[in-house]
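Reviewing the structure listed below.
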Protein chains: 2
Amino acid sequence: MHIIDIQAETIFQALSDPIRLRIIRILSTTNEEACLCEFVDSLLEPQYKLSRHIKILKQTGLLSASKDGRWIYHRLVMSTDYLKHLYQTILMIPDPDGQYAQDLKRFQKRMLLRDSGRCRVGVQNKDFQTDSMPKSHKN
Amino acid sequence: MHIIDIQAETIFQALSDPIRLRIIRILSTTNEEACLCEFVDSLLEPQYKLSRHIKILKQTGLLSASKDGRWIYHRLVMSTDYLKHLYQTILMIPDPDGQYAQDLKRFQKRMLLRDSGRCRVGVQNKDFQTDSMPKSHKN
DNA sequence: TGCATAGTTGCATAATAGTGCATATAATAA
DNA sequence: TTATTATATGCACTATTATGCAACTATGCA
């Protein structure tokens with residue numbers, strides 16, 4: 001059970017981080033649901049980092065989740081008009097450095113690994129898995 | 001001259017503060033321009049505080065200003081579709097504790113003091129002026 | 001020229017938020 | 001039941017942000 005925070009500033013606070021915006025943008029463009037490992041392969045960011053950002057989005061009421069075995073699928077909460085309007089707004093904002101276009105491309109490629117619409121594999125790009133992350137990819 | 005930051009996260013960051021949202025909401029509801037003293041009397045927050053928040057909104061490209069004597073009028077930047085869409089979205093978000101309704105009421109009352117559409121008086125509620133702010137109103 | 005006033009800002013402080021690392025939890029499969 | 005793997009999190013650290021106070025600038029008017 002998650003609490004939907006209706007405070008406007010909390011919603012915008014949740015959207016004030018580039019990684020969280022990348023997550024929201026992928027989901028609102030594709031109208032998909034996705035699990036953590038799929039985000040890791042799409043955004044090329046470490047698992048623990050994305051896990052935390054997803055948690056914040058959930059706490060704010062922008063994401064909801066459903067568990068399926070080891071996989072947890074995250075999707076946008078569309079329960080109100082203002083949330084739908086908000087996602088549309090986000091998609092209208094330019095993507096000057098093409099970051100989002102790249103994310104989307106990787107996401108769609110990753111979706112090809114789905115089996116009957118379900119994710120059956122973990123993180124493919126091992127560089128961004130929790131274990132054995134090479135120094136060369138750290139910030 | 002102000003720089004318009006097109007980064008989505010910067011825009012949402014600017015909206016992640018309750019005071020800044022109250023400013024945006026007043027302006028987008030009334031389609032007005034207003035000066036600092038009018039915001040002080042509408043939001044009942046100290047002048048230096050509002051001055052700083054307005055500065056942030058300007059730096060983010062959400063507000064523009066024009067000077068008229070000692071008064072500086074601030075208005076929403078409406079130069080792009082996504083900004084217009086964004087302001088609409090903000091107005092759709094509920095106002096559960098009625099904070100915004102109260103702000104608006106005070107703002108409209110304050111507008112009655114305009115003379116030929118111009119602000120001719122400073123802060124009326126002296127409690128929230130920079131000087132002589134009583135201890136009882138501090139957080 | 002000097003005063004009142006609209007607005008700005010430097011500084012110190014407190015609170016919040018993001019990150020990396022390592023480790024923990026939970027569920028599946030062998 | 002043991003290993004594997006998808007996901008979560010405690011901790012330390014750093015960076016950013018908001019605030020109050022006081023002093024500042026800038027403009028208009030007497």
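Structural remarks
- Residue check for A:K49: more than 25 Å from A:K126 (Cβ to Cβ) and among the charged types (D, E, K, R): no
- Within the stretch B:69-96, the set of residues being in a loop (DSSP other than H, G, I, E, B), more than 9 Å from chain A (Cβ to nearest Cβ) and surrounded by fewer than 17 Cβ atoms within 10 Å (Cβ to Cβ) comprises B:G69, B:R70, B:M78, B:S79.
- Qualifying position, being without any contact (Cβ under 8 Å) to a residue 40 or more places away in the chain and either within 12 Å of DNA strand C (Cβ to nearest atom) or β-branched (V, I, T) (or both), among A:I11, A:I26, A:I19: A:I19
- Residue count for the stretch B:1-58 under the criterion of being within 13 Å of chain A (Cβ to nearest Cβ) and part of a helix (DSSP H, G or I): the result is 19.
- The stretch B:29-38, residues that are in contact (Cβ under 8 Å) with a residue 40 or more places away in the chain and either among the charged types (D, E, K, R) or within 14 Å of DNA strand C (Cβ to nearest atom) (or both): B:E32, B:E33, B:A34, B:C35, B:C37, B:E38
- Within the stretch B:64-86, being more than 12 Å from DNA strand D (Cβ to nearest atom), over 14 Å from B:E32 (Cβ atoms) and among the small types (G, A, S) holds for one residue alone: B:S79.
A short reminder: the numbers here are calculations on the coordinates, not readings from a lab. Computed from a predicted model, the values in this text were never measured in an experiment. Here the Cβ is made from the backbone with ideal geometry for all residues, glycine too, and neighbour counts use every protein chain on show.
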